[in-house]
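Have a look at the structure below, then the notes.
Throughout, read-outs are computed from the coordinates displayed, never taken from laboratory work. Since this is a predicted model, take the numbers as computed values, not measurements. Don't worry about glycine lacking a Cβ; one is built from the backbone with ideal geometry, like all the others, and counts go over all protein chains shown.
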Amino acid sequence: MVMVINMFKRFIGASALCATLLVSALNIPSAQAAHGNYNPMMPRQLSAQAASADYTYGYSILSGHAIDTLEGPNRYMWYLNYDILDHYVLRPVAHGYAMLPRGVQDSMGNFFNNLSEINNVPNNMLVGRFADSGTSLARLVINSTIGILGFFDVASHIGLKYTPMAMTTVLGKGKVEQGPFIMVPFYGPTTARDIHGDTIDGLPFYALSWPVTVGKFVLEGVHNRAQLIDQESVVDNAVDPYIQTRDVYLMYGENKVNPIAEGEVESSDDFDESLLDEIDG
């Protein structure tokens, strides 16, 4: 996805350069007149009409300045993911996983949280949370050793709080907007920003052999899906499940970046925080 976006940007840039050279070569009078008094070093002076114009092309601006420009294809992908893959594959597997003893499920959750500390250490540092970065490093060392590869969360019992920080949140705090909302087959809801962030966060695991990497993501997906069983009725009974999932996903993601702007999500009665965490991945 990142490669496709980069190729598209290069294509647009090359096209614009060719068009500029063509206009200059042909010496078109209208082009010269339009740029006669133009100074690229000065701020643009927009007319009142241009300044108040709607450039969203009919699309609603969502949280994080995301735009659902692909709603048509996204709804088809929602049908594939939720009505087919989840209903006939992931949901039955998740319900079977939920039959395991609670202690086993908790240990699996601890294990995946411990793996995420690999990203929490640098990500917390990038946003200036040096104390949280140090805590994440201490948790990684303690839980990976005394906690037996992270299956036991020993660090929490001695007062070291879990402080997750995803790269997509780091990008958001760096003023990177959400971009287009995308419903990816077999992956679920995401945005352009989240795709880049998730790709970066996944780099430490891509270095492993592909069976280990695939196994890690599959097991983590099943574990996360099992935590949503109690919330299935919220989506099943929604007037428009696609819109509800999209809006909650975007608001919660932006709430991690700017809790003040999106603080209303924290007091939502329809979705609890565990559901939002699992949807966000």
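When Y206, Y187 are arranged by Cβ crowding within 10 Å, least crowded first, meaning fewest neighbours, the order is Y206, Y187.
Extension gain for L85 to S209 (0.36 nm times residue separation, less C-alpha to C-alpha distance): 42.0 nm.
Computing Rg and the Kirkwood Rh from the Cα coordinates of region 61-190 gives a ratio, Rg/Rh, of 1.07. Evaluating 6.51 cos²θ - 1.76 cosθ + 1.60 at θ = phi - 60° for every residue in region 139-155, the Karplus couplings come out as 4, 4, 5, 5, 6, 6, 9, 5, x, 6, 6, x, 5, 10, 8, 5, 4 Hz, glycine and proline recorded as x. Judged by the mean number of other Cβ atoms found within 10 Å, the most tightly packed of the peptides 76-82, 231-237, 162-168 leads the ranking 162-168, 76-82, 231-237. Rounded to whole numbers, the Karplus 3J(HN,Hα) couplings from phi for region 89-95 are 10, 5, 4, x, 5, 5, 5 Hz, using 6.51 cos²θ - 1.76 cosθ + 1.60 with θ = phi - 60°, and x at Gly and Pro. Evaluated with a Cβ-only charge set (Lys, Arg +1; Asp, Glu -1), region 63-280 carries a dipole of roughly 920 debye about its Cα centre, given to the nearest 20.
Database remark: amide H of V184 closer than 5 angstrom to the amide H of T190 (H placed geometrically; neighbours at sequence offset of 5 or more, or on other chains; Pro and chain starts carry no H).
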